[in-house]
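Participant: Pasting a structure below so you can have a look.
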Amino acid sequence: MFQRNRKASDFGAEIEAHIEMETERLREQGLTDEDARTAARRAFGNVTKAQERFYESSHWLWWDHFWQDVRFAARMLRKTPGFTAIAVLTIALGVGATTAIFSVVDATLLHPLPYPQPEQLVTVEDDLPGIGVQDAGISVPEWQDLQRSGIFENVSPIGGGSVNLTGSSQPARIFFAAVPPNYFALIGVKPQLGHSFNPEDHTPGFTLEGLISDGLWKRAFGADPNILGRSVRLDNDLYQIIGVMPAGYHDPGRTTEERNTDLWLATGFAGPPAPPPQRNARILPSAIARIAPGLTITEAQSRVDALVASLQKEFPDDYPPQSAWKVRLVPLKQAVVGDVRQSLILLLGAVGLVLLISCVNVASLLLARSSARGREMAVRQALGAGRKRLMWQLLTEGMLLSLLGGIVGMATLFCAKGFLLQIVPDSLPRLNEVSINWPVLLFALGASLLAGAIFGLAPALHVSRPDLTHVLKSEGRASTSSSEQARTRRVLMVTEFALSLVLMIAAGLLLRSFWDLLNVRPGFNPQNVMAIRTWLPIPNDPETDIYRTAAQEAPFIRELLRRSRTLPGVAEVAAGDIRSIPLGHGLNDLNPYLLVVEGRETATDQPPWVNVSIITPEYFHLLGMPLERGRVFGDLDNENAPPVAVINESFAKIYWPNADPVGQHLKLNNARSIPRNLPWTTVVGVIADARTESLAESSAPLVYLSLFQKPSKDLAIFLRGCLNPASTPPALREQVQLVNPELPVFGAQTLDGALSASLSQRRFSMEMVGLFALTALLLAGLGIYGVISYIVSERTHEIGIRLALGAQRRNILRMVLHQGLTLAITGAAVGFVCALIVSHSMAGLLYGVRPTDPITFAAVALLLIGVALLACYIPARRAIQVDPLVALRYE
């Protein structure tokens, strides 16, 4: 309105000049002075009104109003620097924390995979629900059937493992992927140097060519531009490098090793000298496929179901009805994310509650501040300001506050980005893609504007409709708060307490769960133990394998153990395969063997597979795993003695629940069948259960074999003593390479570190939710303190009258505390109901505690009410110290 009047005055002088000219013209036509002036003013008055209406309807008026509101809001915020600082920091906390978690969620869950048309990529997983097996792998004939089906453009199984790389600066152990030649055509990625495999190449076995990652190119070959055509040895076999993949390229793997693949080799997965592939020999892991154009995943799944049904009819012997063979298509992105989705959604929900609590807190501050501005708004409305203009003015102030808070929050996030990435667990998929990019910045802007709209709306609605008579008659009073505004503040406070309680209960459940995990007895002693790995090569030609049998491998292991005992600080030494590293291996490292138990060859009530660890006799003593029955391995259990085994208690309870397992016999084979001439293995001892796979899961059946009877290429050397984590691995590398200079030494880790790493994802969720819960508790305490303080300041005159009339100060204290505790208890009751719903949705993240754990619920409620009581006591204490004479002077 004021801007419009200013603009109208700009052309007022020009209008007056035209009126004078028109008046003069009408006089010349014979009109009197009065009639001529009246007619001229009437004509040009209509022109003026038309111009004003045009100006009001134009966008320029809106733009002027907007900038006027922004300048006015900035002046008002500068007048109250304390209020502005508190509000901006509160919003910065909410927006910054929300944006930080959103950046992780965006990279992991929302951002598309960095491949062309990623929505067409799926994983193909074979399930055998009849025998309780999921993702059982795929056979070569099944892969070929899917490739020929017309449902997919390409289907590519992916094998993989570790291999020794020699021919670079230092022998290294790298992870490789065995892929068909069409793999990179399926993914849609080209090398930055050289070329990829020929998709039409159907040569059986491995091709003697490979592609390397950009990281390996720089790390092992110094980014040599002449790398193409260079020969390297992989497990002593000669391969030629034909390409280097682009920087930042990662395979869509489920594990950290798969995502950090350094080498790709092409294979047909079948061919001589291997026998013809069988349909029930699921030697390939789940495959990746690209759906044919024009098909959705649902349509492709229905066609795959029809193909599976036809194959079951065509090959009934390979697909017995009891297995109930199914093929499932899973979007590749969902398979890559895996089980972290629930944790990330929980974190995003938790930080969203923090942002909402921040908004409620600032809304309460703005509402209290707007009550003091009620007289100002009433005067402006009495002078002609419209309700919409007043609402927009207050909303503009809220938006400006929120934008300032968003800027501060983003600046803090930029500065703390490095620290935040350090606390994110390495196992998080697509961690390398977490960044502050344009989608994240747009989210921060949207969150800031949404926050401004949320906390600015309530004050705008209340202040824009004041009772002018009541307000203008309230002389000498600083506040013009109404009962409706008081109710709104109470509703906001109850909401804040309810949200805080939900967040604190979630944090409490995660904290109790994590504490229970920390107190789990793992069944082994990880203190002062270090595991360091090496790998014995597996050349393509078995005749060149110098470590092919236990008799060939045993001298190397004995010499390595002897040298390891001479290292500084080493008290005990043992060796084993990678499966023997407690909590230090992944699912891909499990070593399942086909199992036959003497006298139970036809049993079908137990799965025919069991995990196996291969160790030296010193292993159990070094890790402090007690013997329950029988004996452990001895020096005489060598390559020339009959095979023996030690089992854990879980195995004994399942297969010999009512008999002595010592002396029983079993057969084990890591192939798909057990040869008839395979000798029986005798059980010589039972070891106590140990949670070597996961602290959160009870021990599974496990068989231990002697490393001097069953060779293993993947070796771990266990050292116990006063070890230096920095100097021990290089010292052991020196000893290993004195025995064989072509062997790599890698993967050094303490068992304490392995135990801690196994809890990293749970720790991250617990720490983040706990941090957000403490923030919510602080905000709730500050919020109720602000509300009660404002109530006390509004009722100072009333309190003075009560004291003057003889009221006891303890009654005043009780009255103020009652108001605050009523709000807190009401909020806690509402929060309890919401927490019951939320806690059930996070049941999969808990261990050893129920989602409705009464101890956690009660403890959190008492803590929140205690904080509320403390926050109320400070203003209540101030209320009882009011001087009645001073308070009565307010009127």
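The values are calculated or read from the model by the stated rules, or taken from the named source; none is laboratory data. Bear in mind the structure is a predicted one, so any value in this text is a computation, not a measurement. We place every Cβ from the backbone using ideal geometry, glycine too, and count neighbours over all the protein chains shown. These area figures cover heavy atoms from the full protein model, side chains too; ligands, DNA and RNA do not enter into them. Shrake-Rupley method; radii C 1.70, N 1.55, O 1.52, S 1.80 Å.
Participant: Take peptides 641-654, 492-505 and line them up by average Cβ neighbours within 10 Å, highest first, as a rough protection proxy.
Facilitator: Details: 641-654: 19.9, 492-505: 26.2.
In descending order of packing, they fall as 492-505, 641-654.
Participant: In square angstrom, rounded to the nearest 10, how much accessible surface does residue 218 have for a 1.4 Å probe?
Facilitator: 110
Participant: Kindly report the accessible area of segment 129-324 per residue (heavy atoms of protein chains, probe 1.4 Å, no ligands, DNA or RNA), in Å². Display every interim value, and only then the final one.
Facilitator: Values: 8900 Å² over 196 residues.
So segment 129-324 comes to 45 Å² accessible per residue, rounded to a whole number.
Participant: Can you compute 3J(HN,Hα) from phi for each residue in segment 650-659, using the Karplus curve 6.51 cos²θ - 1.76 cosθ + 1.60 with θ = phi - 60°, rounded to whole Hz and x for Gly and Pro?
Facilitator: These are the phi-based 3J(HN,Hα) values: 4, 4, 5, 5, 7, 9, 9, x, 10, 9 Hz.
Participant: I'd like the distance between the alpha-carbon centres of segment 693-769 and segment 91-170, rounded to an integer number of Å.
Facilitator: Cα centroid of segment 693-769 versus Cα centroid of segment 91-170: 27 Å apart.
Participant: What distance in nm separates the two pseudo spin-label positions at residue 416 and residue 559, each 7 Å out from Cα along the beta-carbon direction?
Facilitator: In this crude spin-label approximation the distance works out to 5.6 nm.
Participant: So with the 1.4 Å probe, I'd like the accessible area per residue for segment 499-550, rounded to whole Å². Can you show the working numbers first?
Facilitator: Details: 2220 Å² over 52 residues.
The answer is 43 Å² per residue.
Participant: Would you mind checking which residues have amide H under 5 Å from residue 575's amide H? H placed 1.01 Å from N; only 5 or more apart, or other chain.
Facilitator: When sequence neighbours closer than 5 places are left aside, the close amide H contacts are 616, 618, 619, 718.
Participant: Could you let me know the centre-to-centre spacing of segment 812-846 and segment 216-230, using Cα atoms, in angstrom?
Facilitator: 62
Participant: Okay, next question. Quick one: what are the phi-derived ³J(HN,Hα) couplings along segment 700-710, Karplus 6.51/-1.76/1.60 with θ = phi - 60°, whole Hz, x for glycine and proline?
Facilitator: Working through the residues one at a time gives 8, x, 9, 10, 9, 10, 7, 5, 8, 10, 10 Hz.
Participant: Show the residues, 5+ positions off or on another chain, whose built amide H is closer than 5 Å to the amide H of residue 529.
Facilitator: 751, 752
Participant: Take the solvent-accessible surface of the protein heavy atoms, probe 1.4 Å, and return the percent of it on segment 538-741 that carbon and sulfur atoms account for. Don't skip to the answer; put the middle values down first.
Facilitator: Values: 4870 of 9380 Å².
About 52 percent, which is the carbon plus sulfur part of the accessible surface.
Participant: Let me ask something else. Too long at a 30 Å Cα-Cα cut-off: which of 333/417; 218/417; 653/710; 333/710? Kindly include the intermediate steps, with their values, before the conclusion.
Facilitator: Numbers: 333/417 25 Å; 218/417 26 Å; 653/710 25 Å; 333/710 39 Å.
Checking Cα-Cα distances, 333/710 exceed 30 Å.
Participant: Also: What list of ³J(HN,Hα) values in whole Hz, one per residue of segment 850-865 in order, does the Karplus curve 6.51 cos²θ - 1.76 cosθ + 1.60 (θ = phi - 60°) give from phi, with Gly and Pro shown as x?
Facilitator: 7, x, 10, 4, x, 5, 5, 4, 5, 5, 5, 4, 5, 4, 5, 5
Participant: At a 1.4 Å probe, what is the % contribution of carbon and sulfur to the accessible area of segment 76-216? Walk me through the intermediate numbers first.
Facilitator: Working: 3160 of 5410 Å².
That fraction is 58 percent.
Participant: Right, something else. Arranged from highest to lowest average of other beta-carbon atoms within 10 Å per residue, in what order do the peptides 728-735, 227-234 appear? Kindly include the intermediate steps, with their values, before the conclusion.
Facilitator: On the way: 728-735: 17.8, 227-234: 16.0.
Top to bottom by mean Cβ count within 10 Å: 728-735, 227-234.
Participant: What does DSSP give for segment 538-741 in terms of the percent of beta bridges that are antiparallel, rounded to the nearest 5?
Facilitator: 70
Participant: Determine the per residue accessible area of segment 775-822 with all protein chains present and a 1.4 angstrom probe, expressed in square angstrom. It would help to have the intermediate numbers written out before the result.
Facilitator: On the way: 2190 Å² over 48 residues.
Each residue of segment 775-822 exposes 46 Å² on average to a 1.4 Å probe.
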